[in-house]
Amino acid sequence: MPKTRHSYSKSPGTLGHSFFIGICLATFALTITTDHVRANHTAPTTHTVSGSQTITPGDGTPLTRAVALGNTELAAALLAQGADINQPVPLEGSALIVATKSDHPAMIGFLLAKGAEVNQVVAGDETALITASRLDRVSIARQLIAAGADINLGVNAETTGGKVWRTPLNQANSQTMRALLIDAGAREDGPTLRYR
């Protein structure tokens, strides 16, 4: 087996080594394709985004991954290339629900400004307001209500025990959330007739 030779530098002001170690920069590149964005909101173009975040492959799409990270720069680039802001993703929900789950109020504001449907019902994930209520995301619930979320919109969700009604109020996990919802007009007598 050949021996590896290392060169050393004894010049003043150096650490004494001239090894190439490799430097990790605070940027990353995500390669995505334009045609795929339009079809599935995954994409073939290159975006370099500031920050030290990495996007790893998973069940989501580039848009929902960017949303989960709270990266509005990347989300804006993906939307500009044709990603559908309201396309639900199995096991994740809509981009708005992902932002709610990830507790990113700034991303919620960004998505609403870009046209995210505040009352969108997504199978398995209900609505963004129901998700915010269940996870006790009070500041996000306030944002969604201010944006016009239907406070009494319920869904008839399929569970292992059968179908159950879920509303923001019956999913509230704190007295603070319950008070917010009741003050905003949530009814205790059941959901409206709008349901999935």
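Below are the figures for this structure:
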item	result
Ser133 surrounded by 15 or more Cβ atoms within 10 Å (Cβ to Cβ), among the small types (Gly, Ala, Ser) and over 16 Å from the mean Cα position of the chain (by Cα)	yes
Selection from region 77-104 of residues that are of a type in the set (Ser, Thr, Tyr) and assigned to a loop (DSSP other than H, G, I, E, B)	Ser94, Ser102
Test: residue in region 64-85 that is crowded, with 21+ Cβ neighbours inside 10 Å, of a type outside the set (A, V, I, L, M, F, W, C), closer than 30 Å to Gly162 by Cα and within 12 Å of the chain's Cα centre (by Cα)	yes
Per-region count, region 173-196, residues exposed (fewer than 12 other Cβ atoms within 10 Å of the Cβ), within 23 Å of Glu117 (Cβ to Cβ) and either in contact with a Lys or Arg (Cβ under 6 Å, 6 or more places away or on another chain) or modelled with pLDDT of 85 or more (or both)	1
Checklist (1) under 25 Å from Glu73 (Cα atoms); (2) part of a loop (DSSP other than H, G, I, E, B); (3) modelled with pLDDT of 95 or more applied to Leu144, failing item	(2)
Criterion violated by Ala132 - all others in (1) at pLDDT below 90; (2) not in a loop (DSSP other than H, G, I, E, B); (3) not charged (D, E, K, R) satisfied	(1)
Residue, surrounded by the fewest Cβ atoms within 10 Å (Cβ to Cβ), within region 152-172, restricted to residues that are in contact with a helix residue (DSSP H, G or I) (Cβ under 6 Å, 6 or more places away or on another chain) and part of a loop (DSSP other than H, G, I, E, B)	Gln171
Hits in region 88-125 (condition: surrounded by fewer than 20 Cβ atoms within 10 Å (Cβ to Cβ) and of a type in the set (Gly, Ala, Ser))	Ser102, Ala106, Gly109, Ala113, Gly115, Ala123, Gly124
Which numbered condition Glu73 misses (of (1) modelled with pLDDT of 95 or more; (2) at positive phi; (3) touching a strand residue (DSSP E or B) at 6+ places or on another chain (Cβ under 8 Å))	(2)
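The values are calculated or read from the model by the stated rules, or taken from the named source; none is laboratory data. All values derive from a computational prediction rather than experimental measurement. Every residue, glycine as well, gets a Cβ built from its backbone with ideal geometry; the counts of neighbours run over all protein chains shown.
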